[in-house]
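One structure is given below, encoded as structure tokens.
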Amino acid sequence: MSITHNLATSLSSSSSAFLAPPSFNSRGHVSLPVKSVGICKCVAAPEAETAYKTRVIRNPNMGKLQAGYLFPEIARRRSAHLLKYPDAKVISLGIGDTTEPIPEVITDAMSKRSHALSTFEGYSGYGAEQGEKPLRSAIASTFYSDLGIEEDDIFVSDGAKCDISRLQIVFGSNVKMAVQDPSYPAYVDSSVIMGQTGLYQKDVQKFANIEYMRCSPENGFFPDLSSISRADIIFFCSPNNPTGAAATREQLTQLVKFAKDNGSIVIHDSAYAMYISGDSPRSIFEIPGAKEVAMETSSFSKYAGFTGVRLGWTVIPKQLLFSDGFPVARDFNRIVCTCFNGASNISQAGGLACLSPEGLKAMRDVIGFYKENTNIIVETFDSLGFKVYGGKDAPYVWVHFPGRSSWDVFAEILEKTHVVTTPGSGFGPGGEGFVRVSAFGHRENILEACRRFKQLYK
């Protein structure tokens, strides 16, 4: 049998569908010259096509980020767990997402505003990017009465997390950041994206050019400021996420003095201030001199269940100036007007209802419910012999598992109890050996999760 016959048989039996035009009869034979064998082999087994690529260079700062953002990664692992155990009743005490219904006094106001939009008299389009005047005034009088904060110092937004990124745009890439360690991961990740940091250093689990201010049980979860090098911007969250620690008046006074001595600006995240039950300051502006060195961001998310509704605010006092004397608030206003069309008018109607006497009472009732949940969780881990922190002034319980990897503990709890928590190392190297348990959950789920914890660690 000839070489051409062997080749023809091979092509007609295995590759005719790829090579032949629509009218080709695959049952017939093809006679090809021997000299074409090499070419035919290339056509019969083509190389995989390379995907088209643009000529746009990727932002190199995105490549510095380590894996995905913490909470989507936890959601991914939860989904994988459900595939493995499709009949399991998984209880989520990981991401800090509220679970209790928004009080009716608040949803009624949003419903009324929503319905008004369907009328000529009640319709409104674009609003002020800084927020509606009645809401800004209500925020000033409710949270900053007698603190020297005026309504035009307040910028209403779609949440504190969004404002953090807008503030990063204001400061740009040529600044050095300091963060509590552990802390809310958006502070570090937004700094990386802006190009403020160096590469990730795996040996110490830190990004270069960020000052990590260690907060641990040994220092009362407040950093030793004498050991901290100068930073331009200091992110400080009180009550802290994830540790639940609320800074005392003396500690915040030290922080304000440290910022003034170093010419720094403090971004005070007070998203959990209404959970404070002791005499810790609920605003950094309670500290004399703070208006010259600090701004404050906050949110309705954890007070009124607005995690999906989206509404928050940032306060930037007129006294806060850059090194050239230019007001920080004016630059932030420019960014807001460029990047943001203002919070939803329906959300703002809900926010205004939150700050009515009935709304404030309803929010305090919801917060009281979550704080009862924290007590149940704290008592559970206390009874099992664990060192437990937080839970008093925040909806988070910070549980210590000394000598163990946080991700290993997270995996153990998920595998053996079907409860989702948050590994402490996801909040920074200072969180290694800890797990954060959220108190956001229906009461029956909190009780069931604690029953499972007791079964696992008894």
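The values are calculated or read from the model by the stated rules, or taken from the named source; none is laboratory data. As the structure is a computational prediction, the values presented were derived from the model and not from experiment. Cβ placement follows ideal geometry from the backbone for every residue including glycine, while neighbour counts extend to all protein chains displayed. Each accessible area value is taken on the protein alone, full model and side chains, heavy atoms only, with ligands, DNA and RNA left out. Shrake-Rupley method; radii C 1.70, N 1.55, O 1.52, S 1.80 Å.
Observations
- Within the stretch 353-367, restricting attention to residues that are small (Gly, Ala, Ser) and farther than 11 Å from Tyr303 by Cα, the residue that is surrounded by the fewest Cβ atoms within 10 Å (Cβ to Cβ) is Ser356.
- Of Leu414, Leu447, all but one fail to be aliphatic (A, V, I, L, M), farther than 19 Å from Leu70 by Cα and at pLDDT 95 or above; the exception is Leu447.
- Selection over the stretch 406-427 of residues that are among the small types (Gly, Ala, Ser), within 13 Å of Thr243 (Cα to Cα) and open to solvent by less than 10 Å² (accessible area, probe 1.4 Å) gives a count of 1.
- Lys260 falls short of the stated requirement of being open to solvent by 50 Å² or more (accessible area, probe 1.4 Å), modelled with pLDDT under 95 and not aliphatic (A, V, I, L, M).
- Qualifying residue in the stretch 259-279 (condition: free of Cβ contacts under 8 Å to residues at least 24 places away in the same chain, within 16 Å of Met177 (Cα to Cα), touching a strand residue (DSSP E or B) at 6+ places or on another chain (Cβ under 8 Å) and outside any strand (DSSP E or B)): no
- Qualifying residue in the stretch 231-245 (condition: open to solvent by 10 Å² or more (accessible area, probe 1.4 Å), over 28 Å from Asn61 (Cβ atoms) and either part of a strand (DSSP E or B) or not small (Gly, Ala, Ser) (or both)): no
Yes/no matrix, rows are residues, columns are (1) over 29 Å from Phe332 (Cβ atoms); (2) of a type outside the set (Asp, Glu); (3) crowded, with 16+ Cβ neighbours inside 10 Å:
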residue: Leu82; (1), (2), (3): yes, yes, no
residue: Val90; (1), (2), (3): yes, yes, no
residue: Thr98; (1), (2), (3): no, yes, yes
residue: Gly122; (1), (2), (3): yes, yes, no
residue: Tyr126; (1), (2), (3): no, yes, no
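- Yes/no for Ser190 being among the polar types (S, T, N, Q) and part of a helix (DSSP H, G or I): yes
- Test: residue in the stretch 268-279 that is among the hydrophobic types (A, V, I, L, M, F, W, C), open to solvent by 10 Å² or more (accessible area, probe 1.4 Å) and over 24 Å from Val366 (Cα atoms): no
- Some residue of the stretch 358-374 being under 30 Å from Tyr123 (Cβ atoms), in contact (Cβ under 8 Å) with a residue 24 or more places away in the chain and among the small types (Gly, Ala, Ser): yes
- Consider the stretch 132-159 and keep the residues that are farther than 19 Å from Lys291 by Cβ and not hydroxyl-bearing (Ser, Thr, Tyr). The one that is most open to solvent (accessible area, probe 1.4 Å) is Lys133.
- Looking only at the stretch 182-227, and only at residues there that are more than 22 Å from Tyr69 (Cβ to Cβ) and polar (S, T, N, Q), the one that is nearest to the chain's Cα centre (by Cα): Ser216
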